[in-house]
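The values are calculated or read from the model by the stated rules, or taken from the named source; none is laboratory data. Being a predicted model, the structure only gives us computed values, none of them experimental. Note: ideal-geometry Cβ built from the backbone for every residue, glycine included; neighbour counts use all protein chains shown.
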């Protein structure tokens, strides 16, 4: 029964991501796709001959260009691209289809699996099944996981590995296999998105009171992935330092980045600028809370857990809070571009599964208080709407004159596809007609997205009401196993 539900969860969300996925290749996606194509077509990490070499997200090393993205995700994706080429599907022949399939197979599948592990984690913690249904809808359709599961992004893949690693971390007392899996998955999440490495020492605290064997296995699992990661850095850039933070690799004609703009090494000129950046990274134009309002209730959940010294998983929640806070603070202090042209701050997508876990602790308040319940439903639905707006343009352009990516994404759907010079030639008339058709198709996609957003809100409200109406106590998985 449990396995059947996990398959249902996986299938539903994979279908959702596949339906909403766009065949896009902006600079961010193109950088990874360049490595994928180069590995399969030219058997090298050098992207000089890739049709995606135009991306600005590249560095120059020993006379050649390389993608600045951690290569492990591209290596993984290259196996799928090689398989697609067997069936005659490639970037050269079927560009849009190739990108769509790679995005679904690599990113969509990863996030769908992450949602399954999110479900498994909540079940293991003994959360009521009907409340889990509510949280699945929120995590899958009301956070930054949704928009970044529809493009070739690394953040949601890293988020999925992180929640899977956390699930096995909860079970390390059952055997060293779980210590091994936890170490591998958490560190692998960092190798795909390097800032996530910050979770390794925090989660390692769990092993302080565990048997020596578990400590050694966890440490060795982490070490294996770290060795591979740093070896790749040395091979591809001649340094242990990540290429994206190695300023010397970006000193070439036409480079779009330098020490003042590279995330991880950038800083702010004065305190006022830093405070302004902090505001907009948290609750302002691109804020964590602004683009995922439901996290207000997550904060409430954290407070309840930390105030309850008898709560079984208090330590694990504390580590999530500390590691996530350190993660956000690191970006606030060592970046200055709000993750570039993107919806909200795409870096925050890594945290979404973990930050939704505390929502499990507000279920009693939602059930017992009508006002809390109404507020929860309203804020949850707002989160869903904000998330679906992001689906329209995950890598939306953002600038000083138009800094709000939410409104920019809305406007994006109404802009003409091309800027045209009005004329009277037949060629112009035909081209304008084509633009009209494309714009109609674009608006039809918006209608579909709006309809799915409405359906998600309806299901969310329905599941909350069903949870509130249910007076029976739902037993935990452990109790159920004992009964059986």
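Quick notes on this structure:
- Between 185, 162, the distinction of being within 30 Å of residue 395 (Cβ to Cβ), without any contact (Cβ under 8 Å) to a residue 40 or more places away in the chain and in a helix (DSSP H, G or I) belongs to 185 only.
- Between 289, 227, 216, the distinction of being surrounded by 13 or more Cβ atoms within 10 Å (Cβ to Cβ), modelled with pLDDT of 95 or more and more than 20 Å from residue 405 (Cα to Cα) belongs to 216 only.
- For the range 79-100, filtering for residues that are surrounded by fewer than 21 Cβ atoms within 10 Å (Cβ to Cβ) and either touching a strand residue (DSSP E or B) at 6+ places or on another chain (Cβ under 8 Å) or in a helix (DSSP H, G or I) (or both) leaves 11.
- Just so you know, in the range 2-23 the residues that are within 17 Å of the chain's Cα centre (by Cα) and not in a helix (DSSP H, G or I) include one that is modelled with the highest pLDDT, and it is 21.
- Selected residue (criterion: surrounded by the fewest Cβ atoms within 10 Å (Cβ to Cβ)) from residues of the range 45-68 that are over 10 Å from residue 33 (Cα atoms) and free of Cβ contacts under 8 Å to residues at least 24 places away in the same chain: 63
- Unique match (being out of contact with any strand residue (DSSP E or B) (no Cβ under 7 Å at 6 or more places or on another chain) and over 30 Å from residue 390 (Cβ atoms)) among 236, 220: 220
- Qualifying residue in the range 191-211 (condition: in contact with a helix residue (DSSP H, G or I) (Cβ under 8 Å, 6 or more places away or on another chain), crowded, with 20+ Cβ neighbours inside 10 Å and assigned to a loop (DSSP other than H, G, I, E, B)): yes
- Test: residue in the range 34-48 that is in contact with a strand residue (DSSP E or B) (Cβ under 7 Å, 6 or more places away or on another chain) and assigned to a helix (DSSP H, G or I): yes
- The range 424-477, residues that are surrounded by 11 or more Cβ atoms within 10 Å (Cβ to Cβ), within 30 Å of residue 368 (Cα to Cα) and modelled with pLDDT under 50: 474, 475, 476, 477
- In the range 370-412, the residue that is surrounded by the most Cβ atoms within 10 Å (Cβ to Cβ) out of those that are farther than 16 Å from residue 343 by Cα and in contact with a helix residue (DSSP H, G or I) (Cβ under 8 Å, 6 or more places away or on another chain) is 380.
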